[in-house]
Amino acid sequence: MQFCISFYPEPESLTKKADCRGVAEQLFEPLGNIGAGEQPFRLHTMKYEIAEDVLRFYVTADVHVMREKAAHPQTMKLEQEVRV
């Protein structure tokens with residue numbers, strides 16, 4: 001799965017690119033430790049770009065989803081008698 005996080009700095013800011021770089025640097029550590037419960041995600045790529053004063057932070061991760069097995073009713077026991 002690939003995720004893209006976008007950040008738009010304040011329109012009045014005179015340091016939009018620096019604001020974007022600061023947010024990007026802050027995202028690396030927390031996103032490196034994401035997971036679901038006990039299962040961490042394996043991240044392949046974390047990168048960012050700043051274009052037109054907008055930060056786009058990309059994360060690519062392997063996510064394996066498994067369903068729990070449905071409970072099946074137990075079958076009745078079969079007794080077999082052997083005669084010789």
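The values are calculated or read from the model by the stated rules, or taken from the named source; none is laboratory data. If you're wondering where the values come from, they're calculated on a predicted model, not measured in any experiment. FYI the Cβ positions are ideal-geometry reconstructions off the backbone, even for glycines, and counts take in every protein chain you see.
Cβ-Cβ contacts under 7 Å between residues 6 or more apart (or on different chains), taken from a first residue in the stretch 1-23 that is at pLDDT 95 or above and outside any loop (DSSP other than H, G, I, E, B) to a second residue that is surrounded by fewer than 12 Cβ atoms within 10 Å (Cβ to Cβ) and among the aliphatic types (A, V, I, L, M), are absent. Candidates are the residues of the stretch 45-84 that are within 12 Å of the chain's Cα centre (by Cα) and surrounded by 11 or more Cβ atoms within 10 Å (Cβ to Cβ); the one that is modelled with the lowest pLDDT is A61. Mind checking which residues of the stretch 1-34 are loosely packed, with under 11 Cβ neighbours inside 10 Å, among the aliphatic types (A, V, I, L, M) and under 17 Å from the mean Cα position of the chain (by Cα)? Residue satisfying the conditions is M1 alone. For beta carbons closer than 6 Å, sequence separation of 6+ or different chains, a first residue in the stretch 52-65 that is assigned to a loop (DSSP other than H, G, I, E, B) and a second that is modelled with pLDDT of 95 or more and surrounded by 13 or more Cβ atoms within 10 Å (Cβ to Cβ), the qualifying pairs are D53/K16.
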